[in-house]
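Here is the structure we will look at.
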Amino acid sequence: MPLLSELKGRSLVEPDDLSLDEMESLFTLAEKIEKKEGHLKESCRGKLLASLFFEPSTRTRLSFEAAMLRLGGSCLGFAEPGSSSAAKGESLADTIRMAASYADVIVMRNPKEGSALLAARYSSVPVVNAGDGGHHHPTQTLTDLLTIKRLLGNIGNITVGFCGDLKFGRTVHSLSKALSRYKNIKMLFISPKELMLPEYIKSFLIKNNIEFEERENLEKSMPELDVLYMTRVQRERFFNEDDYIRLKDTYVLNTEKMAYGREKLVVLHPLPRVNEISVEVDSDPRAAYFSQAKYGMYVRMALLASILGAAC
């Protein structure tokens, strides 16, 4: 794939680092990997991924490591800063320089906004942002877009509702910006006033003539949606515990609320969930968040293979 060959050696800090055509090529490759067992198996034999997670993670870290192992590569790294020299005061720049001397690609999650960009500047190998604070999470965005494409058949001409923590939710920020590149997209942002979408995202959508509305009522919005993107209220982003407790259960998706949704509604969640989606919804065929997690592994396989020059 000529477009994917252009990704060799490149870092991915935010979704805008990829053109629309490059994203679509990654989706095509991910779908091929999903459907054809063993495709690209052993293509990254001898390559090493450094997994540097300064924040807790289950799906993102494991899916990246599973992706690399399925490609035939190997992994090293840490899953919390306390097990790294960061606990001793080592700078991020030095940690990145060190990891780059051992690995062929670095995947990093860090609680500080802008940390991924800094890491890419100091690294001699490609860096993939696995989440930098409340800023960006580009591979979750690729996961979300691939899931929408696989389940709805297309990404354009849809109405997407984002519900929950829209202020601190990096997945919401990244996905809303990425969706703006597709045709005939409408977005509904459903949240309490304290957790509304940041002004810089709203300014971006206005600048790009994207239709959107801010609302507080989930039930009234459900009949309009093709995709509902639920998010948890993130305790780790709050400075005040009382505020977190007051807001954490503002929206809980249950079977009663699902009854307002369309027959072909797709319910997504970047996970982990706390209690914003009741377990009773899991059996609803419109609940796609566990399938979404699996698509994440396939698209990360496609991305790593492309960055490492093994996708051609």
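Per residue, how much accessible area does the chain have with a 1.4 Å probe, in Å²?
In whole numbers, the chain has 44 Å² accessible per residue.
Could you rank His135, His39 by how accessible they are, 1.4 Å probe, largest area first?
His135, His39
Give me P(r) over segment 90-219, computed from all C-alpha to C-alpha distances, binned every 5 Å, as integer percentages.
Values per bin, smallest distances first: 2, 10, 17, 18, 17, 13, 10, 7, 4, 1, 0.
How high is the relative contact order of segment 1-73, in percent, with contacts defined as C-alpha pairs under 8 Å that are six or more residues apart?
The normalised contact order for segment 1-73 reaches 31 percent.
Working from Cα positions, state the angle (0 to 90°, nearest 10) between the long axis of helix 289-307 and the longest principal axis of the chain.
Its long axis makes an angle of about 30 degrees.
Report Phe78's accessible area, 1.4 Å probe, all protein chains in place, as a number in Å² to the nearest 10.
30 Å²
Rounded to two decimals, what is the ratio between the C-alpha radius of gyration of the chain and 2.2 N^0.38 Å?
For the chain, the normalised Cα radius of gyration is 0.98.
Using modelled amide H (1.01 Å from N, peptide plane; none on Pro or chain starts), what sits under 5 Å from the amide H of Leu228, excluding residues fewer than 5 places away?
Here Gly161, Val266, Val267, Leu268 satisfy the definition.
Taking segment 1-117, how many lysine pairs are there with alpha carbons less than 24 Å apart, if each pair must be eight or more places apart or span two chains?
9
Charges at C-beta only: +1 for Lys and Arg, -1 for Asp and Glu. How large is the resulting dipole of the chain about its Cα centre, in Debye rounded to 20?
For this selection, approximately 720 debye.
Starting from segment 43-73, pick out the trypsin sites (Lys or Arg not before Pro) whose DSSP state is loop and whose Cβ has at most 11 other Cβ atoms within 10 Å.
The qualifying sites are Arg45.
Quick one: Debye curve from the C-alpha atoms of segment 252-312, no solvent, what's log10 I(q)/I(0) at q = 0.25, 0.27 Å⁻¹?
-1.01, -1.12
Defining a contact as two alpha carbons under 8 Å apart and six or more residues distant in sequence, what relative contact order in percent does segment 33-112 show?
Dividing the mean separation by the residue count of segment 33-112 yields 41 percent.
With a bin width of 10 angstrom, please list the P(r) values of segment 9-96 as percents of all Cα-Cα pairs, from the 0 bin to the one holding the largest distance.
It works out to 14, 35, 37, 12, 1, in whole percents.
Using unit Cβ charges (K, R positive; D, E negative) and no other charged atoms, how large, in debye to the nearest 20, is the dipole of segment 122-240 about its Cα centre?
260 debye
Under 14 Å Cα to Cα from Lys220, which aspartates and glutamates show up? Leave out anything in the same chain fewer than 8 places away.
Glu256
Normalised by the number of residues in the chain, what is the relative contact order in percent for Cα pairs under 8 Å and 6+ residues apart?
Relative contact order comes out at 22 percent.
The values are calculated or read from the model by the stated rules, or taken from the named source; none is laboratory data. Please read these numbers as outputs of a predicted model, since none were measured by experiment. Using ideal geometry, Cβ is built from the backbone for each residue, glycine included, and neighbour counts are taken over all protein chains shown. Surface accessibility is based on the protein's heavy atoms, side chains included, excluding ligands, DNA and RNA. Shrake-Rupley method; radii C 1.70, N 1.55, O 1.52, S 1.80 Å.
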